[in-house]
């Protein structure tokens, strides 16, 4: 995933930029970067690895040395950014959030039309933000270039672009990722996470619409292009990605998760006679569990405490073995709350199936007598094509798809997969039963998609549900 933050101020912007960017650290653990511009100092940029230490500790020197009244910053799980680019548009800095599925096709097209080159990263891939910049540079101005890049990219792309005159902010063409604008007396900011600017003195100004391009200066925010068309906001923003204090489309993450848990409890047959406590896998499972507990009357408890000071998010490391190790190491058991307990355990989702299975086994090893799993979203049947939610290279990495392959073979078509996505179908019931046995749960019941969407509160046609039913 990743997140970004931009500031256009009449005064020095580095303080706001530093802390506003840092507030996005939950979205990525690979790279952090900032770029600033001031009339006297020009452009300045710094990028550091933040794999083994927090953003703030790596950018202390830049915090004291960087100058400027405008700047952009980025937390990334993959690409080093922001990049500093010199082109026929002049010098600019750029960062992006999204995913490009057709990068090879776009590079080949650029190679045919221009004698350009790209710097290959150590992974063998190119920096996708560099490719976005190359696409923008194909056109005569920034607005045409940004629109062109978003049109030809298969995937999604939201962009912050820092120039001498202002900051261009462009939301993905169907709004899969957010951009919120904050305002205070000295200027404006643009942020992936709406909460990131609240403690810096900004007030909510407005959200960019899907496909909207604006230019932000210390004096104001001007819309340069508006796209008419569908909206497809990533539903996983509320389920998993979002920090509890965030809101997207003005809908609270914490509030949505509580409503989601309430809906799960309303459909579930579990009561105080069947479970002793409700627990959430921290952090994103906690609010779902609170909602479930409040609705069901089963007491909420915290038998697992997340040790956050030194452990990064578990899905970020490049190997599954390391992800699993970190997921286990950062959860500390509270034995007094586990022994002899029938635990109803809520996590945000089951992806590959490894981590929640090991968490359940961990609870049983520490004295739990039953572990009933309740994922807060439906079975994931399709790997995300629009955001880097998972490093899965194949849909067969998903536990639900592996189980379907065991039952039907690996060539199950869309029509058959739609039947497995239907919670009222016989195939769905058999799939869940097999997943339950494979993962060693006492029982397993997924949240329903209709209840999940109702907890968000937006019309279904405005939400991306691709990972659950293959519809974008």
| note | Exactly one of 399, 371 is touching a helix residue (DSSP H, G or I) at 6+ places or on another chain (Cβ under 8 Å), crowded, with 16+ Cβ neighbours inside 10 Å and more than 29 Å from residue 76 (Cβ to Cβ), and that residue is 371
| query | If you go through region 64-89 one residue at a time, how many are within 20 Å of residue 191 (Cβ to Cβ) and in contact with a helix residue (DSSP H, G or I) (Cβ under 6 Å, 6 or more places away or on another chain)? | reply | 7
| said: Among the residues of region 281-294, are any out of contact with any helix residue (DSSP H, G or I) (no Cβ under 9 Å at 6 or more places or on another chain) and under 28 Å from residue 446 (Cβ atoms)? | reply: yes
| query | Which of (1) more than 21 Å from the chain's Cα centre (by Cα); (2) surrounded by 16 or more Cβ atoms within 10 Å (Cβ to Cβ); (3) at positive phi is the odd one out, the single condition residue 37 does not satisfy? | reply | (3)
| query | What about residue 463, is it modelled with pLDDT under 95, buried (at least 16 other Cβ atoms within 10 Å of the Cβ) and over 17 Å from residue 349 (Cα atoms)? | reply | no
| query | Looking at residue 305, is it in the same structural domain as residue 444 (by TED's automatic domain parsing), assigned to a helix (DSSP H, G or I) and modelled with pLDDT of 75 or more? | reply | no
| Regarding residue 250, is this residue on the phi > 0 side of the Ramachandran plot and surrounded by fewer than 22 Cβ atoms within 10 Å (Cβ to Cβ)? | yes
| remark: For residue 86, the lone unmet condition from (1) in a strand (DSSP E or B); (2) under 25 Å from residue 218 (Cα atoms); (3) touching a residue at least 12 places away in the same chain (Cβ under 8 Å) is (3)
| query | Quick one: which of 277, 298, 290 is in contact (Cβ under 8 Å) with a residue 12 or more places away in the chain and within 17 Å of residue 334 (Cα to Cα)? | reply | 277
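The values are calculated or read from the model by the stated rules, or taken from the named source; none is laboratory data. Being a predicted model, the structure only gives us computed values, none of them experimental. Quick reminder, even Gly has a Cβ in these numbers, built from the backbone with ideal geometry, and neighbours come from all protein chains shown.
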